[in-house]
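Novice: Quick one: structure below, then a few questions.
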Amino acid sequence: MKIHTPLFKYGFHAAARVDIGHKRSSNQDEVITCPEYGFFAISDGMGGLVNGGGGVTSDIIKQVLPLMMRQAASMLEKEPTPEYAAEILEQQIRILSDNIYDMGNDEHHTFFGATVSGVWLIDCHAIFVNLGDSRGYLLPYCKQNIQQVTNDHNLAAILVDMGEISKDEAQNHSSSSILLQYAGMPAPAKPDVFIRQVKPGDRLLLCSDGLYGMVSQTRLSRLMHPVTRRNPDNVCRNLIDEANANGGRDNISTVYLKILK
């Protein structure tokens, strides 16, 4: 079903799925869907925290973020521009992260933490926001290759920038599990925000490392490509099936959007 929102110029299709994968005994990934505001996100709880604190954090984000986006949409009515939307979104994610930090984290101990990666459809733009190493992608209409929009906030990304390891090596490098920024990090959080113009035929993807760590960008592009003519839910299903076929070593979350006229 085509979705329309007052703040976005185009219609869109959307689908979201979460899967436990083949190796984990519990799921700490969550998807957040607010089609009425044109906002979608995923959150991947940090592993190894006391009492499953990562899963607790991603669940909190799933419960709280829709309420915050309702407030954000109301604020945007006064000045419905992509630039102001980006400012509001950065502010809301910072507040969310800082409040999670205040739940019990300190500079020496992390009990609550998760990634959060989202996209807000405003005017004829997609506003991406990110804390952590979950990702946002854009596959432009009639292009073959998917584009990673967000930056990974982990140690492996720093090593890539320094030339110590290649981007391919970073996928499975031990440093990829060391997050430098995340929801629940020492306040104040500094989320990345990216504004991208979109048009009908473009496709957007949000996913956790359980997907992109198991499926190459070439395969992501092919599974999302327009010639497949698959409906959004089938695209999510096929992406998850491919990650599981390649080992499914982590929880897998995905949000897929197709921009329509």
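The values are calculated or read from the model by the stated rules, or taken from the named source; none is laboratory data. Just so it is clear, the model here is predicted, and its values are computed rather than measured. Cβ: placed from backbone, ideal geometry, glycine included. Neighbour counts: every protein chain shown. We work out accessible area using only protein heavy atoms, side chains counted, and drop any ligands, DNA or RNA first. Shrake-Rupley method; radii C 1.70, N 1.55, O 1.52, S 1.80 Å.
Novice: Net charge around Ala72, counting only other residues with Cβ within less than 15 Å of its Cβ (Lys, Arg = +1; Asp, Glu = -1)?
Specialist: Summing Lys and Arg as +1 and Asp and Glu as -1 gives -4.
Novice: Per residue, how much accessible surface does the range 42-103 expose to a 1.4 Å probe? Answer in Å², no decimals.
Specialist: Accessible surface, normalised per residue, equals 47 Å².
Novice: If you don't mind, there's one more thing I want to ask. Across the range 42-124, what fraction of all alpha-carbon pairs, as a whole percent, falls in each successive 10 Å bin from zero upward?
Specialist: Bins of 10 Å from zero give 17, 45, 26, 11, 1 percent of pairs.
Novice: For Val56, what charge total do you get from the other residues with a beta carbon under 15 Å from its beta carbon, if Lys and Arg give +1 and Asp and Glu give -1?
Specialist: -4
Novice: Averaging sequence separations of C-alpha pairs under 8 Å and six or more residues apart, then dividing by the length of the chain, give the relative contact order as a whole percent.
Specialist: 28 percent
Novice: Moving on. Of all accessible surface on the chain at a 1.4 Å probe, what whole percent is carbon and sulfur?
Specialist: 48 percent
Novice: Next up: What accessible area per residue comes out for the range 137-219, rounded to a whole number of Å², with a 1.4 Å probe?
Specialist: 49 Å²
Novice: Please tell me which of these pairs span more than 24 angstrom C-alpha to C-alpha: Lys62/Lys258; Lys9/Lys78; Lys143/Lys167; Lys190/Lys258; Lys190/Lys261?
Specialist: Violating the 24 Å Cα-Cα cut-off are Lys190/Lys258; Lys190/Lys261.
Novice: Enumerate the amide H contacts of Val198 below 5 Å, restricted to partners 5 or more residues apart or on another chain; note that Pro and chain-start residues carry no placed amide H.
Specialist: His125, Ala126
Novice: As I understand it, the dipole of the range 70-189 uses +1 on the Cβ of Lys and Arg and -1 on the Cβ of Asp and Glu, about the Cα centre. Which of Ala189, Ile178, Ile122 lies farthest toward its positive end?
Specialist: Going by the charge dipole, the pick is Ile122.
Novice: Another question about this same structure. At 1.4 Å probe size, with no ligands or nucleic acids counted, give the accessible surface of Lys167 in Å², nearest ten.
Specialist: Answer for Lys167: close to 120 Å² accessible.
Novice: Amide H of Leu260: which non-local residues (sequence gap of 5 or more, or other chain) have their own amide H closer than 5 Å, using H built in the peptide plane?
Specialist: Correct list: Gly11, Phe12, His13, Gly201.
Novice: Hey, can you grab everything whose amide H is under 5 Å from the amide H of Ala114? Only 5+ residues off in sequence or another chain; H modelled, so Pro and N-termini drop out.
Specialist: When sequence neighbours closer than 5 places are left aside, the close amide H contacts are Met46, Ala183.
Novice: In deg cm²/dmol and to the nearest 500, what is the mean residue ellipticity at 222 nm of the chain if only DSSP H runs of at least 4 residues count, each as -39500 (n - 2.57), divided by the residue total?
Specialist: It comes out at -9500 deg cm²/dmol, rounded to the nearest 500.
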